[in-house]
Amino acid sequence: MTATTDGSTGALPPRAASASDTDEPLPQAAGTVGTRDAAEHALRRATDFLLARQDTQGWWKGTLETNVTMDAEDLLLRQFLGIRDEKTTQAAALFIRGEQRDDGTWATFFGGPGELSTTIEAYVALRLAGDLPDAPHMAKASAWIREQGGIAASRVFTRIWLALFGWWRWEDLPEMPPELIYFPRWMPLNIYDFGCWARQTIVPLTIVCAQRPVRPAPFPLDELHTDPDHPVPAKPLARVASWDGVFQRLDKALHQFRKVAPRKLRKAAINSAARWIIERQENDGCWGGIQPPAVYSIIALHLLGYDLQHPVMREGLASLDRFAVWREDGARMIEACQSPVWDTCLATIALADAGVPADHPQLVKAADWMLGEQIVRPGDWSVRRPQLPPGGWAFEFHNDNYPDIDDTAEVVLALRRVRHPDAERMERAIGRGVRWNLGMQSKNGAWGAFDVDNTSRFPNRLPFCDFGEVIDPPSADVTGHVVEMLAVEGLAHDPRTRRGIAWLLAEQEPDGSWFGRWGVNYVYGTGSVVPALIAAGIPGTHPAIRRAVAWLESVQNDNGGWGEDLRSYHDAGEWSGRGRSTASQTAWALLALLAAGESESKAVERGVDFLARSQNEDGSWDEPHFTGTGFPWDFSINYHLYRQVFPLTALGRYVHGEPFAEAKGG
C-alpha cells in the first residue's frame, strides 16, 4: 500500500459521476473475443498464478495488512522492555513514513480519512526513530493532532501506551480491575461476556492497569497537547438515567475501589489473571494467533517478574517477530494476524471451482495440511458448551483456544471438493467439524465467529472499551457460510439449518442487501448469504433473492465492477454498495448473482468482463483497497490473497457452473 500523493482521502464522494472509476484506466473490453473466452483466458492465468504460490507444506498465506498502529506499538513495546534496536527501529520508521498522507495524518485504511489515535501513535514511533518535532512531516502531524483535540481526545488504548512512559497519567484513564477474573459466568461483565479478541486483551491489561508502571520518557510530547499545562479537559457526566451516565459513574466507583481493594484479594486476582494468560499461550508462543493480546500479555508478565529469558517470555517475543514482513526496500511491516487456514480453504475452493481436478496433487496436499490443523481439544468456547466435542479449525497457524466457526464451515466446503486417498480420515474430520459447528449455534438460530450467544450489551458501554467491537454476536456472513456448508452436507432440511435460514431471511436489509460483519460490507454480506440460501433450497424466484439481485444490479459501477467503501459502516445511506471497483468485491457480487441463476444477465457479463480486463498479465489482480474487516470501521484489513481467490472462484463458477449443483436443497 502506498500513501496518497495529493493529500486527498483517495475515495470520491458517493454517487458522484466518477465514483465507479478504478484507480487506473482499464484496457478496452474483450470485444470480439467474447466474455466467455475472456473469462476462460483469465481463469487459466489466475489458476496458474495461485497454484505457483502454494507453500511446500500445502498451505497458502497472503499478507494481512492493517495500519501503522501495529508497527508503532511494536516499537513502544521494545522501548518499554529495553530491547529496541536501531535496525528494527529504522525499518519500522521507513514503513510508517511511507504511509503518512500529504496532510500529515495516518489513516486506518487505504483512501480513508486521517485518524487521531493512529496519527498520535505513528508520530511517537517516529520520535523514537529520531525524527525531530520541527521536521516538516512531523510538524504537520502534530498541528493536525492539536486541531483534533490532542492526546486527550485519543482512544483509551493510545493513552495507555503513553501512560507507560509518563506521557499520560494513569489516574486519568478508565479502570479495569483484575478482580474481573473472578466474576462468574452469570454475572454481567464477566470475561466471557467479551469477544475472544477483547477477552485476551483485557485480562493482561487489568494487570498492567493495576500495576501502573512508568518507564522514563525519552522525550516530552508537549506538542501533542492543546494545553500542555492542563492536558485533561473537564468532562461533564452524562445524566444518571442514561447508560453512558451509569457506566461513567461505575468507572468512578472503580477508581475508588482501587484505593480500598484488599491487598490479598488484588494479589490473588493478579496471580489468577497471570495463570489464565499463561494457560492460553499457544505452542508457537503467541496468544490467540493475533498481535495485540501477545503484546499486552508480555508486558503484564514482565511486570510480574518474568524476565525476558523465561520460556514464556522468550517464546512470546519470538512469536511477535514472526508477524514481521520485511520488504525489498528495507521497510518492516507488522501483521496483526496471519491467516493460513482461511487462505488455504479459500484457495482450495477457488482452484476446485476453477476446474482443477479433485485429485490434483496440490489440492490433496492442501487437504492434508488442513486435516492436520483440526483442533481436537476444548478451548474457551467450551465454557458455554462444556458437553460439545471439539472439531473446529482456527484462522491462524496456532490458535487452539479459539477455533473459528466461519473457518470451520469453509474448511469443510473445501475438503468436500478434494478427492483424498484416505476417504475415511476425511469423513471423520468433516463429521467432527459439522458437529462442532452445529453445536455452536446461538439461541436465535444464527452463528457468531467464535462464541455462542456472545451478545451482552454491557461490554461495549464500558469507558475502557473504546477500541472497536468487543462482543461477537451472530452475523449474516458467518451464518450464511455455515448454512451453505450444512446444505452441502445434506442437512438443508435439518431444523437447525432451517432456523439459520429463517434468521437470515429476517435479517435482510430493506434494500435487499445483507450486512457484512467480517468483510466490506453489504456487498460481502450479500455475496455470502445468497449462495447459502440457494444451496439450502430457497428458489431463485424467492422475493428475498430477487430483492438481493435488484440491489446488486443497482449498485454496479459504470465499469462493470462492484466496490464498497468502509464508510458504509458509518453511513450506510450514502455508502452502501458504493466505492471504487475492486476485484474481490466484484467477485462477491458475481457469486451471489451466479447462485441466483443470473449467469446470462448483462450485470454478470459486465462483471466478468471487468475481472478479465483488470487482471494483470501474470494472472493476478491489484487491490490497494481494504475489503476485510476486523472491527467495523475501527479496524480494517487488506487480505492480499482476497484479490486472487475470490475472482478465481467467481470466474470458475461462471465458466463451469455452480459447485454441488446436484445437491442443492439437500
Taking Cα pairs closer than 8 Å and at least 6 residues apart, the relative contact order of segment 494-595 in percent is 28 percent
Provide, for q = 0.19, 0.20, 0.24 Å⁻¹, the log10 of I(q)/I(0) from a solvent-free Debye sum over equal Cα point scatterers in segment 472-520.
-> -0.62, -0.67, -0.90
Mean Cβ neighbour count within 10 Å, used as a protection proxy, ranking 237-247, 468-478 highest first = 468-478, 237-247
Hey, any idea what Rg/Rh is for segment 132-201, computing Rh the Kirkwood way over Cα pairs?
-> 1.16
Would you tally the net charge around residue 464, using a Cβ to Cβ cut-off of less than 12 Å, leaving residue 464 out, and scoring K and R as +1, D and E as -1?
-> 0
Net +/- balance of residues flanking residue 551 in space, Cβ distance below 11 Å, scoring K and R +1, D and E -1 = -1
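When only C-alpha pairs under 8 Å and at least 6 residues apart count, what is the relative contact order of the chain, in percent? Provide the component values of the computation, followed by the final result.
Details: 1241 pairs, mean separation 121.0, N = 666.
Once normalised by length, the contact order is 18 percent.
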Pseudo-spin-label distance residue 172 to residue 258, built 7 Å along Cα→Cβ, given in nm, is 1.3 nm
May I ask you to order 498-509, 118-129 by the average number of other C-beta atoms within 10 Å around their residues, highest value first?
-> 118-129, 498-509
Using a cut-off of 28 Å between alpha-carbon atoms, which lysines can reach residue 267, once sequence neighbours fewer than 8 places away in the same chain are excluded?
-> 252, 259
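Where does each of 275-282, 81-88, 70-77 land if you order them by average Cβ count within 10 Å, highest first?
70-77, 275-282, 81-88
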Cross-link partners of residue 602 among aspartates and glutamates (Cα-Cα below 20 Å; sequence separation of 8 or more within a chain) = 21, 37, 40, 553, 558, 658
To one decimal place, what orientation-averaged projected area in nm² is obtained for the convex hull of the Cα set of the chain?
-> 28.8 nm²
Rounded to whole Å and ordered largest first, report the semi-axes of the equivalent ellipsoid of segment 44-186 derived from its Cα gyration tensor (root of 5λ).
-> 31, 25, 17
Taking alpha-carbon centroids only, segment 365-392 lies from segment 293-326 a number of Å equal to 26 Å
Hey, what angle do you get for helix 86-99 against the long axis of the chain, alpha-carbon based, 0 to 90 degrees rounded to 10?
-> 60 degrees
Stokes-Einstein D for segment 149-242 at 20 °C, 1.002 mPa s, Kirkwood Rh over Cα pairs, in µm²/s?
-> 141 µm²/s
Sorted from largest down, what three extents in whole angstroms do the Cα atoms of segment 496-616 have along their principal axes?
-> 43, 35, 22
Diagonalise the Cα gyration tensor of segment 310-360 and give the resulting equivalent ellipsoid semi-axes, square root of 5 times each eigenvalue, largest first, whole Å.
-> 33, 16, 8
Taking K and R as +1 and D and E as -1, what net charge do the other residues with C-beta under 14 Å from the C-beta of residue 98 add up to?
-> -3
Can you give the angle from 0 to 90° between the axis of helix 543-554 and the longest principal axis of the chain, with both taken from C-alpha atoms, to the nearest 10?
-> 80 degrees
Viscosity 1.002 mPa s, temperature 20 °C: Stokes-Einstein D of segment 182-332 from its Kirkwood Cα radius, in µm² per second?
-> 116 µm²/s
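Values in this text are rule-based calculations from the coordinates and carry no lab data. Treat the numbers as computed from the prediction; the structure is a model and nothing was measured. In this analysis, Cβ positions are derived from the backbone assuming ideal geometry, glycine residues included, and neighbour counts consider all displayed protein chains.
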